[in-house]
Amino acid sequence: MMPAVVLTGKAIVVYRTRLIILLSLLVPTLALSGCNNIGFPGVYLINIDQGNIVDQEMVDQLKPEMTRRQVRFLLGTPIVEDTFNNDRWDYIRLVRRGNDTLLRRRLTVVFENDVLVDVEGDLVGENWPEPDPVESADDASEELSEKTPDQGANESTAL
């Protein structure tokens, strides 16, 4: 029969050394993988501001029939120029802290024959484009001229 395997002093030292190395690598790896969603306390997360800064005043200055050059002067260079549709510019702003999105704004400017025809996005009012003040003044004067002199006198005495 063959003799039983006997570990000598040197083999035991090698075995224990390999076990210690394995455990010293395995234990921290498992411990840190459990901290994936917790986050480290005291770590400062900076705000990351990406995209175009477009505010309400800039959008209010946009008028129909503006040229591309005028729009670029007001809003700046768009963050996304669609390569398949040259008549659409997208202005996007994103502010993040870590994985949290603090602010997201989108503005889309549409051109037709190199003039502004439509603006869509978060900062655009429902009545874009607003009626010109000259047109609204003309409409008001037409309403006054349609009334007969007798109707105007009756209304003023009724007050």
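FYI, it's all coordinate maths here, none of it is from the lab. None of these values were measured; they are calculated from a predicted model. Counting neighbours? That spans all protein chains shown, and the Cβs are built from the backbone with ideal geometry, glycine included.
General observations
- Paramagnetic label reach from R106 (point 7 Å along Cα→Cβ; backbone nitrogen cut-off under 15 Å): within region 40-82, residues 52, 79-82.
- For the pair L26 and N113, the difference between a 0.36 nm per residue extended length and the Cα-Cα distance amounts to 24.8 nm.
- Maximal additional length on extending the Q70-V14 stretch stands at 12.5 nm, based on 0.36 nm per residue less the C-alpha distance.
- Residues whose placed amide H lies under 5 Å from that of G121, excluding near-sequence neighbours: T108
- Rounded to 0.05, the FRET efficiency of the Q56 and N99 pair, given R0 = 35 Å and the Cβ-Cβ distance, is 0.80.
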